[in-house]
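Working notes for the structure below.
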Amino acid sequence: MFPPFPEEKAFEICLEMAGALEKGSLCLEQIGEESEERSGQGIMLGAALCRSSEGRLYALKTISGISKKLVSCRAARSCSSSPLYEEEVFVPPVVSAEKVSEALRKNDLEIHSLTENINALKKSRLRPDGKYENQGQEEKKLVEKRKALCNESLKEVYSLYAFHCADGGIKKLDEICRKKLPPTGTGDCCAPKLLDYAFARGFTVLSMAEVFYGKSNGKRVMARKYPPCDERCALILPEMLGLNILYRDEDIVVVNKQSGLLSVPGRGPEKQDCIVNRLKRLFPECINQPSVHRLDMETSGLLVLAFKPEAHRALNRQFENREVKKEYTALLSGVLPERFEKHGSMELFFRVDLDNRPHQMWDAENGKNAVTEWYETGREEYISPEGGKKNVSRIRFIPHTGRTHQLRLAAADSHGFGVPIIGDTLYGTCRPGERLMLHAEYLSFTHPSTGKLMEFHCPPEF
């Protein structure tokens, strides 16, 4: 996962923490039972530099896991005397080790008993040559029963987790994971702890980083900086932030926009929640109008925005000169008609339907031209949320112009394919539980400051 905030200042705080642990002015106190597989493996140190609504600078400090906590060990000068901040806070776990243990206690004895029986049956299958006979029915039943109990215990644990978000709301972990069981330890990494604490207090996060503390191994190096993990943090952080940040530097940010969210604010208070306003909430120093292009509310995928006026102007020029390359993936609500080749290009002419905004209508005389290249990349069976099945075409669209609803019209209009994209509320049909199956999968442009070619690939969820 790409680090959502600048890391430099928080990295300095992490190194201060590591130095204080080495000197003994900061200690790790054992507060819970550590698993055998985690013993001696080291931990992650995490820090976030934040600004309160009163303007005070806070250093939030934490560690990964729930079995240890940070404590000051000496009255002598410690890492809290840094010029980077005015206050330090040792951030606790989102859910304490005691509450986790209590949630696990219900099935703990039975799971241990099943494990002993399973191990005994496995031992009885050991042959003289060191190999095992096949698992018997009794052992298989015990393994399945243990798995069910373990999953039940994990559900109990994860039902305790809820995270404060950047918008002031709170999201439960089972809501974030859509009732699916996340990996063990989800919610106990440094980043979600730091952000939960910061957002609960209305802090602005200025910098956040994590470093490894422990004996260097094949995966981690002592005092080296690492981004939030893909396995666990990538599930939680986009929900907490309100944005899935794929890249960020001083000039630009690239996000994966979710379907159902506006790119820019609309008219009226009910249309203020959008990518632009979420970005400005996380990064208050961002320019007032950071957008340089947009996606329809129902379309998901890659969107680039600018933090600075110079970057905004440079990106705007690239879009105006059609130097930005974009590719989309779509699922049509049926198969591509036989008259179309697997690859081709079409030029259509549309204008806004004045009596039915925001719909666009065909107008060969007064409409703006919309040029679209396409590839049919495959045919597949689509199962709707209601259980219906049908054969559909997967299309890669390459727009060479940037007209309103260009790709939706290329699919749905009789002058185009005549087959709407699945979930299209304007030009097709959207059944309960469906979304528009259109995703901006590829984006390339020249970086406004470095001149480097920037390329992003973001596969769709469908």
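The values are calculated or read from the model by the stated rules, or taken from the named source; none is laboratory data. Being a predicted model, the structure only gives us computed values, none of them experimental. Quick reminder, even Gly has a Cβ in these numbers, built from the backbone with ideal geometry, and neighbours come from all protein chains shown. Protein only, heavy atoms only, side chains kept; ligands, DNA and RNA dropped before computing areas. Shrake-Rupley method; radii C 1.70, N 1.55, O 1.52, S 1.80 Å.
Check whether at least one residue in region 428-436 is modelled with pLDDT of 95 or more and under 28 Å from Ile252 (Cα atoms), and report yes or no. Checked against the condition, which is being modelled with pLDDT of 95 or more and under 28 Å from Ile252 (Cα atoms), region 428-436 yields at least one hit. For the structure I just gave you, tell me whether Lys68 is at pLDDT below 95 and in contact with a strand residue (DSSP E or B) (Cβ under 8 Å, 6 or more places away or on another chain). So Lys68 fits the description; yes.
On the stretch given as region 180-222, residues that are in a loop (DSSP other than H, G, I, E, B) and closer than 21 Å to Pro284 by Cα total 3. Residues in region 137-193 that are among the acidic types (Asp, Glu) and more than 30 Å from Asp273 (Cα to Cα): 5 in all.
Scanning region 177-195 for residues that are surrounded by fewer than 23 Cβ atoms within 10 Å (Cβ to Cβ) and touching a strand residue (DSSP E or B) at 6+ places or on another chain (Cβ under 8 Å) gives no hits. Condition first: more than 22 Å from Arg396 (Cα to Cα) and assigned to a loop (DSSP other than H, G, I, E, B). Now tell me which residues in region 318-351 satisfy that. Of everything in region 318-351, just one residue is more than 22 Å from Arg396 (Cα to Cα) and assigned to a loop (DSSP other than H, G, I, E, B), namely Asn321. Taken over region 223-262, the criterion of being open to solvent by 40 Å² or more (accessible area, probe 1.4 Å), within 19 Å of Gly65 (Cα to Cα) and assigned to a strand (DSSP E or B) is satisfied by Lys225 alone. In region 314-323, the residue that is surrounded by the most Cβ atoms within 10 Å (Cβ to Cβ) out of those that are touching a residue at least 40 places away in the same chain (Cβ under 8 Å) and not acidic (Asp, Glu) is Leu315. If you go through region 271-303 and keep only what is closer than 21 Å to His457 by Cα and open to solvent by 70 Å² or more (accessible area, probe 1.4 Å), you end up with Arg294, Met297. Criterion applied to Lys123, Lys171, Lys147, Lys106 was being among the charged types (D, E, K, R), at negative phi and more than 37 Å from the chain's Cα centre (by Cα), and the one residue passing it is Lys123. Return the total of residues in region 324-343 being open to solvent by less than 80 Å² (accessible area, probe 1.4 Å) and more than 25 Å from His293 (Cβ to Cβ). Of the residues in that region, 6 qualify. Can you confirm whether Tyr247 is more than 30 Å from His405 (Cα to Cα) and either touching a residue at least 40 places away in the same chain (Cβ under 8 Å) or among the β-branched types (Val, Ile, Thr) (or both)? In short, no. If you filter region 260-270 down to residues that are farther than 18 Å from Phe456 by Cβ and touching a residue at least 12 places away in the same chain (Cβ under 8 Å), you find that the one that is farthest from the chain's Cα centre (by Cα) is Pro265. Contact annotation: residue pairs with Cβ atoms under 6 Å, 6 or more positions apart or on different chains, pairing a residue in region 1-26 that is under 26 Å from Val255 (Cβ atoms) and open to solvent by 30 Å² or more (accessible area, probe 1.4 Å) with a partner that is at pLDDT 95 or above and assigned to a helix (DSSP H, G or I), are Met1/Cys233; Met1/Ala234. In region 371-387, the residues that are aliphatic (A, V, I, L, M) reach residues that are loosely packed, with under 13 Cβ neighbours inside 10 Å with C-beta atoms within less than 8 angstrom, at least six apart or across chains, in these pairs: Val371/Ser345; Val371/Glu347; Ile383/Lys389.
Against the test of being within 29 Å of the chain's Cα centre (by Cα) and surrounded by 12 or more Cβ atoms within 10 Å (Cβ to Cβ), the options Ser82, Ser159 yield a single qualifying residue, Ser159.
Do we have any residue at all in region 354-361 that's within 22 Å of Ser300 (Cβ to Cβ) and open to solvent by less than 30 Å² (accessible area, probe 1.4 Å)? No: region 354-361 contains no residue that is within 22 Å of Ser300 (Cβ to Cβ) and open to solvent by less than 30 Å² (accessible area, probe 1.4 Å). Within region 102-115, being open to solvent by less than 60 Å² (accessible area, probe 1.4 Å) and closer than 15 Å to Tyr161 by Cβ holds for one residue alone: Ala103.
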